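Everything below concerns the one structure shown next.
Nothing in this text is a laboratory measurement; each read-out follows from the coordinates by a stated rule. Note that this is a predicted model, so its numbers are computed, not measured. Glycine also receives a Cβ, built like all others from the backbone with ideal geometry; neighbour counts cover every protein chain displayed.
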Amino acid sequence: MLAIAQMVAKGFEFAGIAVIVIGTLIAFAKAGAMVARGLGDGGAAGERDVVPAFRKTLGRSILTGLELLVAADIIRTVAVEPTLQSVLVLGLIVLIRTFLSFSLEVEIDGRWPWQGKRE
């Protein structure tokens, strides 16, 4: 059972890394396509279109990847005989990744996750 849980955790880790890498490539491709279509040629005006779109796509992929990596850490900690040290390390990892997720959410949407949508 432990071996299966370790494989599942590794699968989540691989998926998290893959989401971040593929999302980054997609963000660059979208930005490149916008520049090629001429949306980024207008100096500062074009940057207002390309840069936020790039950052939003990149931020979403990082958020999704982080969530998958947290899931892998949780599976690994629960599957192995949980010790006080492993639970504390997991708590610290989850705390740091949660802070990063909130920070990215604010950066992408310009509001805290618990605030309502802007109208």
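Please give the Cα centre distance for the stretch 1-18 versus the stretch 63-86, rounded to the nearest Å. Each part reduced to its Cα centre gives a spacing of 10 Å. When the charge dipole of the stretch 2-109 is built from unit charges on Cβ atoms (+1 for Lys and Arg, -1 for Asp and Glu) and taken about the Cα centre, the candidate among Gly91, Val51, Gly32 whose Cα reaches farthest toward its positive end is Gly32.
Neighbour counting of Cβ atoms within 10 Å sorts the residues Met1, Met7, Met34, fewest neighbours leading, into Met1, Met7, Met34. The dipole here belongs to the chain: it is taken about the Cα centre, uses +1 on the Cβ of Lys and Arg and -1 on the Cβ of Asp and Glu, and is about 200 debye.
The relative contact order of the chain comes to 32 percent, based on Cα pairs under 8 Å that sit 6 or more residues apart. Note on the chain: helix-only mean residue ellipticity at 222 nm, from DSSP H runs of 4+ residues weighted -39500 (n - 2.57) and normalised by residue number, equals -29500 deg cm²/dmol. Among Thr98, Thr57, a tally of other beta-carbon atoms within 10 Å of each Cβ gives an order, fewest to most, of Thr98, Thr57.
Each residue in Arg37, Arg55, Arg76 was given a count of other beta-carbon atoms within 10 angstrom of its own, and listing them fewest first yields Arg37, Arg55, Arg76.
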